[in-house]
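Shown next, in structure tokens, is the structure this report addresses.
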Amino acid sequence: MAELAEAADQAVGNREGKYLTFVMAEEEYGIGILKIKEIIGMMPITAVPRTPAFVKGVINLRGKVIPVVDLRLRFGIESIDYAERTCIIVVEIGGQTGTVLIGIVVDAVSEVLSIKGEDIEATPTFGTKLNTDYILGMAKMGGGVKILLDIGEVLGGQVLEEVTGVKTGGHPEQAEPLPEQEREQGEQESEQGDMVEQLNGPVVE
């Protein structure tokens, strides 16, 4: 048991890094910044017949057709009317034939946070019938808790097939970043911070 607990703690510690946080149904969630490609305000969504209710349709983003999922409906949360702060987060999901871009509708984006490993706890056990594989961990921040999502699990498998017709592969180990990759990562994090600031104001590090 002690070995299992130690392995779980190590796995959670490996998840530290920068996360884009957002609000949904008055709860705070986070997605690893490297999964985020773009943050945009709401735009016209073209409905697609015979798709699940949580698939709102597709958008034309600078010539690219991108499927859009309402994250509230994906989680079984009651839908609400889209408001001024409602936005679409474009994420990148790995599939067997390459990466796929999917937009997720959230109530509002919050900020980009650097979360330390010691501030992340493993997902509590809610019983054998509840699948929590989509949760990376629970981040303890400012007296509250932010739910860190594995967006690949949230949108992967059968969901990804329904949305795009592409099956996800496994979860390969993340290689140590090379200097060039580190530079690109820094540029991407800066871009995401700029996007959040444009929508909501200054980013909190």
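Each value in this text was obtained by applying a stated rule to the coordinates, not by laboratory testing. All values derive from a computational prediction rather than experimental measurement. Cβ: placed from backbone, ideal geometry, glycine included. Neighbour counts: every protein chain shown.
Things worth noting here:
- Net +/- balance of residues flanking Asp119 in space, Cβ distance below 12 Å, scoring K and R +1, D and E -1: +1
- Annotation: amide H-H contacts under 5 Å for Met42 (H modelled 1.01 Å from N, sequence separation of 5 or more, or interchain): Ile88.
- For a paramagnetic label modelled on Asn60 (point 7 Å from Cα along Cα→Cβ), amide N atoms under 20 Å away belong, within the stretch 27-45, to 40-45.
- Here the Karplus relation 6.51 cos²θ - 1.76 cosθ + 1.60, evaluated at θ = phi - 60°, turns the backbone of the stretch 76-84 into coupling constants of x, 8, 4, 6, 10, 5, 5, 10, 4 Hz, with x for every Gly and Pro.
- Vicinal HN-Hα couplings computed from phi for the stretch 145-159 (Karplus, 6.51 cos²θ - 1.76 cosθ + 1.60; Hz; Gly/Pro x): 10, 10, 8, 8, 9, 8, 5, x, 6, 4, 10, x, x, 5, 4
- Karplus-derived 3J(HN,Hα) values for the stretch 41-56, using 6.51 cos²θ - 1.76 cosθ + 1.60 with θ = phi - 60°, are x, 4, 9, x, 10, 8, 5, 10, x, 6, 10, x, 4, 6, 8, 6 Hz; glycine and proline are entered as x.
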